[in-house]
Every structure is written in structure tokens, then in C-alpha cells.
Amino acid sequence: MQKIILASQSPRRKQLLEWAEVPFDILIQETDETYPDNLPLEQIAIHIARNKALAIKQLNDIKIPVLAADTIVVLENKIIGKPKDKADAIHILSALSGKQHQVITGVVILYNQKEIAFAETTEVVFHELSMPQIEFYVNQYKPYDKAGAYAIQEWIGVIGIKSITGDFYNVMGLPVSRVVKALQTL
């Protein structure tokens, strides 16, 4: 597979591409993560990913594929962002406790004049989490850079997730098998 540019500083996306043995370089550019109010949830993640990919593509007219992604967590049709602080992380995890939510990752690949864009949705259900469990996780793992205030591959995922329907790796931040299939079509 030809080398790509990963337009993300996410260590999880980096790890997933390494596991898939996709050769890549990382290039990031600060981008606006706002979106029009009327967008459907899946389109929000794609819109943000597209802005990330375009920012890199416009840097110096890159001649190899640019891959960008954005992951959002949705509870009861509301986007749950990254926590602002410890109290917010505890609040978010308390809200997710015992409930089903969606993890949506928007993916955009730009290559020459071609764009591949899609969203992957995974349903996640948490067990009821006790306050000591939530506080332990937040204190130990400091999930401030994670949408929904958690990482499925960490302690909270191991003990707290009751079920998932869909792509596990999507919850980590990248539906990597679908990305590889898309890259192979280029």
C-alpha cells in the first residue's frame, strides 16, 4: 500500500494504522471544529474531518492520499464533547452510566481530485457505574482528550462496557478495516 498522510495527532489513530501496517506520516494543522447547525450527526463528524483533510491538502499540494477523521460521542441525540476538566469528565461518565450511546467517526480521504467520505456508527452500552469507579477512572486515566471522557481500550472499557454493536476500533477513533478498504480503491 502506498504511503499516506494522517491528519491527526491522535495516538490511537496512529496505533491503529500501525497495526494495519499502513505506511504513513503525520501532518497536522489547527482547524476550525465548528459546523453548521442543521447538519445530521453523521455529517458533523464528516464535516470536521473534511476540514482537517483540506487544511493539510492545501498546505503544499500534497501528492499522496490525506486521511482525516473526527469522532463524536452522542447520547440521546446530543453530542458529548471532550471534558473541560475533572468535574466535567465525572459528569459525562455519570450521564453515560447504564445507558446506550453512539460513537460516530467521520472519515475523509483526499487524493488528487478524489474524495472518499463516510461515517461509521457503533452503539455502546455501559453497565451502571458507581461514583467510586468513575472517580478512580478519571483520577488514574485523565480522559480529558477523549470525546465522551473515556477510551474503550482502557480500564473503564474493560470493566464498564456491557456491550457494543459495530466496529470496536471505531470506538477507539478509526474504523480501520473500512479505511483500509477505501485506501485500496484509490
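Computed from the coordinates by the stated procedures, all read-outs in this text should not be read as laboratory data. Fair warning: this is a prediction, and the values are worked out from it, not measured in the lab. FYI the Cβ positions are ideal-geometry reconstructions off the backbone, even for glycines, and counts take in every protein chain you see.
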When the scattering of the chain is computed by the Debye formula from its Cα atoms alone, each counted once and equally, what is log10 I(q)/I(0) at q = 0.13, 0.19 Å⁻¹? -0.66, -1.26
Here are some pairs, LYS82/LYS114; LYS14/LYS78; LYS52/LYS146; which of them have Cα atoms lying more than 26 Å apart in this structure? LYS82/LYS114; LYS14/LYS78
Between rounded, prolate and oblate, where does segment 120-173 land on the alpha carbon gyration tensor, with a ≥ b ≥ c its root eigenvalues, rounded for a/c under 1.5, else prolate if a/b exceeds b/c? oblate
Taking the 0 to 90 degree range and rounding to the nearest ten, how far is the long axis of helix 131-141 tilted relative to the main principal axis of the chain, both from C-alpha atoms? 40
Value at 222 nm in deg cm²/dmol, rounded to 500, when DSSP H runs of n ≥ 4 in the chain each add -39,500 (n - 2.57): -11500 deg cm²/dmol
Mind checking the dipole of segment 1-90: about its Cα centre, +1 per Lys or Arg Cβ, -1 per Asp or Glu Cβ, Debye to the nearest 20? 200
Is segment 78-186 best put as rounded, prolate or oblate by its Cα gyration tensor, with a ≥ b ≥ c the root eigenvalues, rounded for a/c under 1.5, and otherwise prolate when a/b is larger than b/c, oblate when not? prolate
Out of all DSSP beta bridges in the chain, what portion is antiparallel? Express it as a percent rounded to 5. 85
